[in-house]
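This report concerns only the one structure given below.
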Amino acid sequence: MNESIADAVYAAGWAVMRGLPERVGRRQFDALADAYWLRSGPSVVRLHENLGRVRPELSERELRLLTREGVRSYMRYWCEVFQLPKLSTHDVVSRMICTDEWRLRDAVAAGKGMILALPHMGNWDHAGAWLAGTGVPFTTVAERLQPESLFERFVTFRESLGMEVIPLTGGERPPYELLAERLRAGGTLCLLADRDLTATGIEVDFFGGKARMPAGPAALAHDTGAALLPVTLTYPDRRHWAARIHPEVKRPSRGSRETKVRAMTQRLADAFGEAILAKPEDWHMLQRVWVEDLDQTRLSDDLAV
């Protein structure tokens, strides 16, 4: 999609959807999702293949129906992104169902910094608004989208929800340095952590294959002593959101820094995999994840960066 067109589409989404009743917007996005699924473009095919790795026992028909639910879940995320600015803090907080929230609150009370590592599940923007709305400001990282106006639009949106947003590239200081600084001051980070195809990505065992996930969350926890908590998000019904706070990923007592970071990243992958297996339709992964699915020429280019 042309960059200027993409920016105009997102701007229209926020302008138009914000004024629609929630049920009306949801019906429209369900219809859009079904049309997108029926078209079966490259992103839908990739989601279908990814879900096939998660649930290999399904028949082709069952997998297609699961993929349709996955596309609906993904489109629900976008519908909610466009409508989230009009929700009151009361709605954002009261409609969240959080399992084992005490783990999060205990980590905040400890004051040593906290990293919430999430896969692309459910609605992570709503989860951020819920976290800020319950008294926990936090910092996150955003990929620098093109055009710049679209990137600024997303930064403004997320900052309006109570987040501090640091650009992945092009900032005044390296993001790792800033994130570590926030943690050492007792702050909280929220980081998406289920896909990283760069040279720094760590290979993990994931649903029977090798996938790459970012080293950042585990490395930051290792270097700063911050608590590392996997968090998974799902849609329990049409009205509510759900979050689960998994047990803290502890730093191993033995081994090199690299060995420890790899082990901690694998623990994140294990927690993500457990949640994805239970609710695969809410995993919004429409890109390649497993190493063997990657185009080898592009993979070589990625590793040369």
Verdict on residue 71 being free of Cβ contacts under 8 Å to residues at least 40 places away in the same chain and within 19 Å of the chain's Cα centre (by Cα) | yes
Boolean, residue 104 is buried (at least 20 other Cβ atoms within 10 Å of the Cβ) and either of a type in the set (D, E, K, R) or out of contact with any Lys or Arg (no Cβ under 8 Å at 6 or more places or on another chain) (or both) = yes
A careful count of residues in region 81-90 that are closer than 16 Å to residue 132 by Cβ and buried (at least 16 other Cβ atoms within 10 Å of the Cβ) gives 3
Considering only strands (runs of 3 or more DSSP E) wholly within region 92-150, the ones with at least 1 residues that are within 29 Å of residue 174 (Cβ to Cβ) and not acidic (Asp, Glu) are 114-118, 138-142
Just need a number here: residues in region 181-216 that are within 23 Å of residue 277 (Cβ to Cβ) and either aliphatic (A, V, I, L, M) or not in a strand (DSSP E or B) (or both).
-> 15
Quick one: would you say residue 38 is aliphatic (A, V, I, L, M), out of contact with any Lys or Arg (no Cβ under 8 Å at 6 or more places or on another chain) and at pLDDT 90 or above?
-> yes
Within region 41-63, restricting attention to residues that are aliphatic (A, V, I, L, M) and without any contact (Cβ under 8 Å) to a residue 60 or more places away in the chain, which residue is farthest from residue 119 (Cα to Cα)?
-> 58
May I ask you to list the residues in region 185-227 that are touching a Pro at 6+ places or on another chain (Cβ under 6 Å), hydrophobic (A, V, I, L, M, F, W, C) and surrounded by fewer than 23 Cβ atoms within 10 Å (Cβ to Cβ)?
-> 191
Restricting attention to region 217-251, the residues that are in contact with a His (Cβ under 9 Å, 6 or more places away or on another chain) and without any contact (Cβ under 8 Å) to a residue 40 or more places away in the chain number exactly 1
Might you check whether a residue that is part of a loop (DSSP other than H, G, I, E, B), modelled with pLDDT under 95 and over 30 Å from residue 83 (Cα atoms) occurs anywhere in region 276-292?
-> no
Go over the candidates 32, 47 one by one and state the one that is under 27 Å from residue 231 (Cα atoms) and modelled with pLDDT of 90 or more.
-> 47
Which of the residues spanning region 160-180 are buried (at least 16 other Cβ atoms within 10 Å of the Cβ) and part of a loop (DSSP other than H, G, I, E, B)?
-> 161, 162
Residues of region 122-156 classified as in contact with a helix residue (DSSP H, G or I) (Cβ under 7 Å, 6 or more places away or on another chain) and modelled with pLDDT under 80, total | 7
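The values are calculated or read from the model by the stated rules, or taken from the named source; none is laboratory data. Since we're looking at a predicted model, the values are computed, not measured. FYI the Cβ positions are ideal-geometry reconstructions off the backbone, even for glycines, and counts take in every protein chain you see.
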